[in-house]
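Undergrad: Starting off with a structure, shown below.
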Amino acid sequence: MSAKGKSGLDKNNKYDRQLRLWGDHGQTSLEQARVCLINATATGTEILKNLILPGVGSFTIVDGNKIKGEDVGNNFFLSQENIGESRAKTAMELLNELNDDVNGCYEDENPETLLENNPEFFKKFTIVVATGLSERVLLQLADVLWQQSIPLLVCRSYGFIGYMRLVVKEHTVIESHPDNAHEDLRLDRPFPALVKYCDSLNMDTMNKKDHSHTPWLVIIYKYLQQWKNEHNGSPPQNYKEKNQLKQMIREGIRKNEDGITEDEENFDEAIKSVNMALVPTRIPSEVEKLFNDPCAINLSPESKPFWILLRSVKEFVENEGNGALPLRGSIPDMTADSGRYIQLQNAYIEQANKDVAVITDKVNMLINSLAKGVSISDQEIKLFCKNSAFVRILRCTSLAEEYNSQTINTQDIGSHLEDEDGDSEMIFYVLLRGVDRFYEEYNRYPGGDNDQVEPDVQLLKGIISKLIHEWGLTSNVKEDYIHEICRYGASELHTIASIMGGCAAQEVIKVITGQFVPIDNTFIYNAVKQTSFAVKL
Amino acid sequence: MAASLGVLGEPTSKNVLSCKLLVVGAGGIGCELLKNLVLTGFHDIVVIDLDTIDVSNLNRQFLFRKEHVGKSKAQVAKESALNFNPNAKITAYHDSIMSPDYGVDFFKKFTMVMNALDNRAARNHVNRMCLAADIPLIESGTAGYLGQVTVIKKGLTECYECQPKPPQKSFPGCTIRNTPSEPIHCVVWAKHLFNQLFGEEDPDQDVSPDTEDPELTAEAGQTALEQKEQSNVAGGIERKSTRTWAMETGYDAKKIFNKLFRDDIKYLLSMETLWKKRRPPNPLDFDNLPHTECSEPSTVMRDQRVWSMKECAQVFSDCLAGLKKEFSNQGENGMLVWDKDDELAMDFVASTSNIRSHIFGINQKTKFDIKSMAGNIIPAIATTNAIIAAVIVMEGLKVLNGRIEECKQIYLNRQPNPRKKLLVPCALDKPSPKCYVCSSKPEVTVVLNTEKMTIKTLEDKILKSALGMVAPDVEIDDGKGTILISSEEGEMEENNDKFLSEFHVGNGSILKCDDFLQSYELKIIIAHKDKLEEDKEFDVVGDLSELHAKPLVEQPTNQNGSTTSHQEEEDDLMIVDEVEVIKSGTKRKADQEPDEINAKRPKSSGDHNDDIVIL
C-alpha cells in the first residue's frame, strides 16, 4: 500500500477505519485487484460503489445497453439527462468520482458478443461480478471463467428477493479470523524454553510484589506440574479435577501476618483461566482434512503456494512438531510486571520463530524439488504458521453442475422445500430458477405486464412443476408465492439492490483479500420477512 | 419517479409520497439512508447533523469527496443527493438535534424519525423526544461487520433505554495520575496532558501526582507534602497551572519532559505507600534516555511498530514545537481540540503515553493501537452501512403501512450463523414496566454519598451524563418543594458547590426532576452509602432490588478493551456493544432457538475488533 494516493490524501487516514478490519496486507490486495462488472444495473453499481469506496485497484463495466427511464428510477449512478447514452460509460464516470485512487474503465458492448468474440478479455480480472444476465448467457460466462479459474459472483435483486451465488473453483484462506479461537499456550506439552523459564522462577522465595505480579501462565504451569506429580503424570481430566486444581491455586495465594489472604489479581486470573489453559493442544479436524487433500499430497510445479505451505506444515507435524502445529507465538494480556511478561512472551515468540525456521527449510526444499521458479516470502511463511490452525479451503460447485438436474444438490433443495410449513427461503431459489426458464421460453419475465399477471401465474406454475419434477422431487410451491413473484415483474428495487450491494461487495472483498471465509455458495434474502439463508448448491 | 412504487403496492406508494421524514445523522448510515430514501420515492426529508466532514469518512460516506473536507455533513449530503435526484425536497440543518430549537413540536411534524447516529447521548435524547411526541423511531447502528436495526413505538415496543446499558467505563483519577497499570491509563493521561497544555483546562484532568490518593494514609501524604516543600522539586511549580508553567518555559521540550517524566515521578516515588505492593516507576532524564529496541525493523511502517524511547522523546519534542505554533495561531483565548485524526495531536499522545508506560513498566503500544484506544475507534466500512441503511427503509415501509406489529429487530452477523442466517430477525420486545424513561411513572434509584455529592456533580454527571437529560429542573419532594437545580441560566447557581446533605437530602429522599425539552419527568430515589465500590461517585440502579443482584456480565479483562471517561464519539456507533448483545441474547425469543445465541456475537480473540471499543 503506498502512502499517498493519486488523490493526494494520506491513505492511512482515508482508510483507517477499514485497515482495522483487514490490515495493510488486506488493503494491498484490494488495491491490486481488478474487478469486472457485467451490466450497470442498480445492484451492479451498488456493489461497485462498495468496492470503489474502500479503494479497489480498478473496475471495468461491461454493458451494451443504453440508459432508459427505468434505469434512472432505481440507480443512483445514472441520471435523467443521460437517457439514451451508454450505460457502461455513464455509470463508470459517476462511480469513478467516488474515489480518485481507483481506475475506472468500460466496454460499451453486449457481454454475449464479448464472450463470443473475445473470451480472453476476462482473463485479466481478479473477479467478475455478473448482474442482469439471462440464464443462457450467464452459463456461457460461467463456463469461460471456470475454465480460466477466475472467481465469479452472481447477484440479483428481484422484487423483494435478493440472490447471490459465488462460483470459485478453489479459494484458500489463511486468515479466516475465526470467532472463537483458543489461545495456543501448550501447557499440556510445554516446549523446553517454557519449562526452563517457569522452572527458573521460585514462587516460594519471591517477595510480595513479585509474587503478586507473576504471570498467571507461570502459576498454572507450576500447579499443573504439582498436580501431575501427584497423579501419575496425567493432567486434570474432568470438571471435578479441574476444580481441585483451582483450589490448589487458590491456596497458593499469600496470606498476611494475620492470616488473611492478600489480594492477588494474578492468582484470580489463573483460577479463571484454568479451563482455557487446559484445553489440549490438537489439530483441528478441518486442518487434518486438508493434510489429506490430494492437492497437499501430490504437489506439482503448478501447486499454489498455499499447498506447498500446507504440505510443509504437515511434514513438520509428522516430524519435529511431534503431532502439534507450529506454535502461534502469542500470549494474552495478563497482570504481570512487564519485565517478566516480556520474558515469557519472548519464550513463546522464540519457539514460534524456531518452528517457522524449520518449516521455511521444508518450504525451500519442496520448491527446489518441484523446480518451481517462484519463491515464498518469509512473511508469507510466518503468516501461514501463525494461522495454521485456522486455514480453510472453499471449493464451490460450478454453475454448469448446478444447472444440470443430474448433478444439482437435490437433497438439500428437497429437504428445505419440505421443511417448516413449506416457508423456507429455498422456495425463492426455485422461483428464481422458474422465472429464468420463463424468460428463456417467452423472452420476457412473468408479470412484467400488469394485464398478464393471471395467465403468467399459470404458465410459471407449470414451468416450476416441471423443474421440480426434473430434479426428481415431489414438493410443491404454494401458489401465493408464484403470485407474489409474478407481481414483482422482475423489477429491481433500490433498497434491495442496496442490501445485496452490501452483501455481495463484502463477499468480493473476502475473495480478494483472502481473509474471512466467503459464503459457500448461495445466499438468499427475503426483505418481506427480513430473513436470509445460505446454502451449498 | 421511483420504479419501486409500483411493486410496493397502492397504499404504500401513497404513504411514501405523503410521508415527512426526519433523518438524524448524515454520516456512514445517513449517506446510504438518504440515497435509499430518495430512490424509494420519499419526497419530504429533513436531515440534521452537527458534524463536519473528515478525511477518514471518505472510505464509506459516499456523498462526500475530498473537496468537501471540513464542510457541514448535512449540507453536503443534501446537495450531493439532490445532484443525483433534483426532484426530492431535502432540508438540511447543520446543528445538534439536542438543541432546544428542536422541541416536541418540531418532532410532531414528522411521520417518522430515522436515527443514523453515532453516540448514546443523542440516541437517548431522540428516543425521549419521539416518546414525548409519540412518533415512531427507527434506530440503527453498525460496528465493523456487525449491524443492528430496531423499531421503537411508544407503548408498543421497548424504548432505547428500556434495557440498561453498561456504564461507560471510567478510571479513578488516582489510577491515571499516580498508579497506572495498563496502557489505557497512560493513554488517558496523555490526552489529559494535551488538554492541560493546549486544550480546555479541566480540573478533573490534572496530570500531576495526586496527594489525595485514598491509598495514602494521612501520614504518608503528609511526608510527601513536607518533602515537596523542602525540595521544591515539583512543589514550587504545582501552584501554577501546568499550562502557565509550560508557557513560561516557552514550551521547552527538555524542561517539560524532565518535569513530567523525572521530577513528578520522583515525587510519586516519595509516596512510599503506593509502592509497597507495586513495582515503583523509574524516572527518565531527557539527556540520558535508555537504549530501548524498536519492536520491528525500521522497514515496518512507522504507525505499526513500537517506538524506542529516543524516538518517543524526539516525537514529543517535535510535537511540542508544532503544537505550540498551532496553539499560538489560535489567538488570545483560543485552544486546540484533541482529534485522533490530527497527526500532531495523535503523535503527541502516542509518544507521551509510551514514555509514561515505559516509566511504569507497562507494555508500550504502536501508534496504530494507541489511536484505537485514544480515539475510541470503531472500524467502519461501506458494506455494513449499505445493508443496515436499506434494512431501515424496509422497516420504515412497514411502519408507514400501519404494520408495525410485523416489524423486527434485525441483527447483521459477520458471517452466516450456525443456522445459516446472515441477517437475523428477532421479535420486538414489549416496553419494560420498570423503564425509567418510557414507563408511565418513571423512577430510578441512585446510590451516592449525600455528604460528598455536590449539586453541580449531581447535575453534570448524574442527570445529564448518566441519565441523559439536557436541561433539568430539580426539586426535593419534601413537601416544601425546595428547588435544587433550575434550567434557567443563572438561577440557583449558588447551590452548585453545596452538598446534597446540606439540603437534608439523605437516604430515601426523593428528587423530582423535570426536563422540559424532553417532556420528561423522573423521580430519583436517593440511597445513601458512605463508600461505593471501586471509588465510584455514584451508581444508578433500576430499582432497589437490583442493588444486591450480581452484575449480569463480566467486564472484559482485555487491556485494550477499556474505554476512558472522556469518550470520543465515533461514527456509526452500535446501539449496543458486544458485551451487551451477548447479554440481550438471554432475552431474545420467537424467531430463534437458544442454541444460536452464543454464536450470534461471539467475542473473538484473533480479530482486530478486540482493539475496538464500542459504547
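Undergrad: Say each of B:Lys325 and A:Glu257 gets a label point 7 Å from the Cα, pointing the same way as Cα to Cβ; how far apart are those two points in nm?
TA: 6.0
Undergrad: Here is a further query. Report the label-to-label distance for B:Met301 and A:Met206 in nanometres (one decimal), using points 7 Å from each Cα along the Cα→Cβ vector.
TA: Here the answer is 3.8 nm between the modelled labels.
Undergrad: Which of rounded, prolate or oblate describes chain A when judged by the alpha-carbon gyration tensor and an a/c cut-off of 1.5? Intermediate values should be presented prior to the final figure.
TA: On the way: a/c = 2.25, a/b = 1.97, b/c = 1.14.
Prolate is the answer for chain A, as a/c is 1.5 or above and a/b outweighs b/c.
Undergrad: Residues of the stretch A:308-325 with the amide nitrogen closer than 19 Å to a label point 7 Å from the Cα of A:Val195, along Cα-to-Cβ, please.
TA: A:319-325, by backbone N distance to the label point.
Undergrad: Need one value for B:414-422: mean number of C-beta atoms belonging to other chains within 10 Å of its residues' C-beta atoms. Provide the component values of the computation, followed by the final result.
TA: Details: counts 5, 11, 8, 2, 0, 2, 9, 5, 9.
Across B:414-422, the average partner-chain Cβ count within 10 Å equals 6.
Undergrad: Strictly over 26 Å apart at the Cα level, which of B:Lys498/B:Lys531; B:Lys78/B:Lys108; A:Lys289/A:Lys362; B:Lys461/B:Lys531; B:Lys325/B:Lys367; A:Lys382/B:Lys367 would you flag in this model?
TA: Numbers: B:Lys498/B:Lys531 19 Å; B:Lys78/B:Lys108 22 Å; A:Lys289/A:Lys362 20 Å; B:Lys461/B:Lys531 18 Å; B:Lys325/B:Lys367 23 Å; A:Lys382/B:Lys367 23 Å.
Over 26 Å apart, Cα to Cα: no pair at all.
Undergrad: Using amide H atoms built in the peptide plane, which far-off residues or other-chain residues are under 5 Å from B:Lys20 H to H?
TA: B:Thr111, B:Met112
Undergrad: Over the stretch B:1-126, what is the percentage of antiparallel beta bridges among all DSSP beta bridges, to the nearest 5?
TA: Numbers: 1 of 15 bridges.
Roughly 5 percent of the beta bridges in the stretch B:1-126 run antiparallel, per DSSP.
Undergrad: Could you work out the helix-only [θ] at 222 nm for the protein assembly as shown, with each DSSP H run of four or more residues adding -39,500 (n - 2.57) and the total divided by the number of residues, to the nearest 500 deg cm²/dmol?
TA: Details: 42 runs with 459 residues, N = 1152.
About -12000 deg cm²/dmol.
Undergrad: Extending each Cα 7 Å along its Cβ direction at A:Asn118 and B:Glu215, get the distance between those two points in nm, one decimal.
TA: Inter-label distance under the simple model: 7.2 nm.
Undergrad: Next question, about the same structure. Determine the shape class of the stretch A:41-110: with a ≥ b ≥ c the square roots of the Cα gyration tensor eigenvalues, call it rounded for a/c under 1.5, and otherwise prolate if a/b is greater than b/c, oblate otherwise.
TA: It comes out prolate by the Cα gyration axes.
Undergrad: Quick one: go through the stretch A:100-136 and flag any residue whose amide nitrogen is under 12 Å from the point 7 Å out along the Cα-to-Cβ line of B:Lys66.
TA: Counting only backbone N, you get A:100-102.
Undergrad: Return the average number of partner chain Cβ atoms within 10 angstrom of each residue Cβ along peptide A:526-536.
TA: Details: counts 2, 6, 3, 5, 15, 8, 10, 6, 7, 2, 1.
Per residue, the average neighbour count from other chains is 6.
Undergrad: Taking a probe of 1.4 Å and counting only protein heavy atoms, give the total accessible area buried between chains A and B in Å², rounded to the nearest 100. Please list the in-between numbers first.
TA: Details: alone 25110 and 28400 Å², together 46730 Å².
Using a 1.4 Å probe, the pair buries roughly 6800 Å².
Undergrad: Determine the distance separating the Cα centre of the stretch B:306-367 from the Cα centre of the stretch A:242-295; give it in Å without decimals.
TA: Result: 39 Å between the Cα centres.
Undergrad: Additional query: DSSP loop (so not H, G, I, E, B), at most 13 other Cβ within 10 Å: list which trypsin sites (Lys or Arg not before Pro) in the stretch A:122-212 pass both filters. If you can, show how the numbers build up before the last one.
TA: Details: sites: A:Lys123, A:Lys124, A:Arg136, A:Arg156, A:Arg165, A:Lys169, A:Arg186, A:Lys196, A:Lys208, A:Lys209; in loops: A:Lys169, A:Arg186.
Within the stretch A:122-212, no trypsin sites (Lys or Arg not before Pro) qualify (loop, at most 13 other Cβ atoms within 10 Å).
Undergrad: Specify whether the C-alpha gyration tensor of the stretch B:249-342 places it in the rounded, prolate or oblate class, a ≥ b ≥ c being the square roots of the eigenvalues: rounded for a/c under 1.5, otherwise prolate if a/b is larger than b/c and oblate if not.
TA: Numbers: a/c = 2.06, a/b = 1.21, b/c = 1.70.
It is oblate, given that a/c is not under 1.5 and a/b is not larger than b/c.
Undergrad: A follow-up question, please. For the ranges B:533-539, B:385-391, B:267-273, what's the packing order if you count other beta-carbon atoms within 10 Å of each residue, average per peptide, and put the highest first? Please report the intermediate quantities before stating the final value.
TA: Numbers: B:533-539: 13.7, B:385-391: 29.9, B:267-273: 18.7.
For the peptides B:533-539, B:385-391, B:267-273, the packing ranking is B:385-391, B:267-273, B:533-539.
Undergrad: Residue separation times 0.36 nm, minus the C-alpha to C-alpha distance between A:His25 and A:Asp100: what's the value? Could you put the intermediate results ahead of the total?
TA: Numbers: separation 75, 0.36 × 75 = 27.00 nm, distance 2.07 nm.
My answer for the length gained is 24.9 nm.
Undergrad: While we're looking at this one, here's another question. Using R₀ = 25 Å, calculate the FRET efficiency as 1/(1 + (r/R₀)^6) where r is the Cβ-Cβ separation of B:Lys20 and B:Lys441; round to 0.05. Working shown, then result.
TA: On the way: r = 32 Å, r/R0 = 1.27.
Once the sixth-power term is evaluated, E becomes 0.20.
Undergrad: A 26 angstrom limit on the alpha carbon distance is what I want to check against. Which of A:Lys11/B:Lys89; B:Lys66/B:Lys109; B:Lys456/B:Lys512; A:Lys11/B:Lys365; B:Lys20/B:Lys154; A:Lys478/B:Lys420 exceed it? List each step's numbers first, then the result.
TA: Details: A:Lys11/B:Lys89 35 Å; B:Lys66/B:Lys109 35 Å; B:Lys456/B:Lys512 16 Å; A:Lys11/B:Lys365 21 Å; B:Lys20/B:Lys154 19 Å; A:Lys478/B:Lys420 23 Å.
Long pairs (Cα-Cα over 26 Å): A:Lys11/B:Lys89; B:Lys66/B:Lys109.
Undergrad: Please state the equivalent ellipsoid semi-axes for the protein assembly as shown: what are the square roots of 5 times the Cα gyration tensor eigenvalues, largest first, in whole Å?
TA: Values: eigenvalues 514, 311, 170 Å².
Calculated on Cα positions only, the semi-axes equal 51, 39, 29 Å.
Undergrad: Beyond a 29 Å Cα-Cα separation, which of these cross-linked pairs lie in this structure: B:Lys191/B:Lys310; A:Lys208/A:Lys354; A:Lys66/B:Lys408; A:Lys49/A:Lys536; B:Lys480/B:Lys529? Before the final figure, lay out each step's value.
TA: Details: B:Lys191/B:Lys310 21 Å; A:Lys208/A:Lys354 35 Å; A:Lys66/B:Lys408 40 Å; A:Lys49/A:Lys536 27 Å; B:Lys480/B:Lys529 25 Å.
Long pairs (Cα-Cα over 29 Å): A:Lys208/A:Lys354; A:Lys66/B:Lys408.
The values are calculated or read from the model by the stated rules, or taken from the named source; none is laboratory data. Here the structure is a predicted model, which is why all the values come from computation and not from measurement. No Cβ is skipped: glycine too gets one built from the backbone with ideal geometry, and neighbour counts run over all protein chains shown. What goes into the accessible areas is simple: the full protein's heavy atoms, side chains included, and nothing from ligands, DNA or RNA. Shrake-Rupley method; radii C 1.70, N 1.55, O 1.52, S 1.80 Å.
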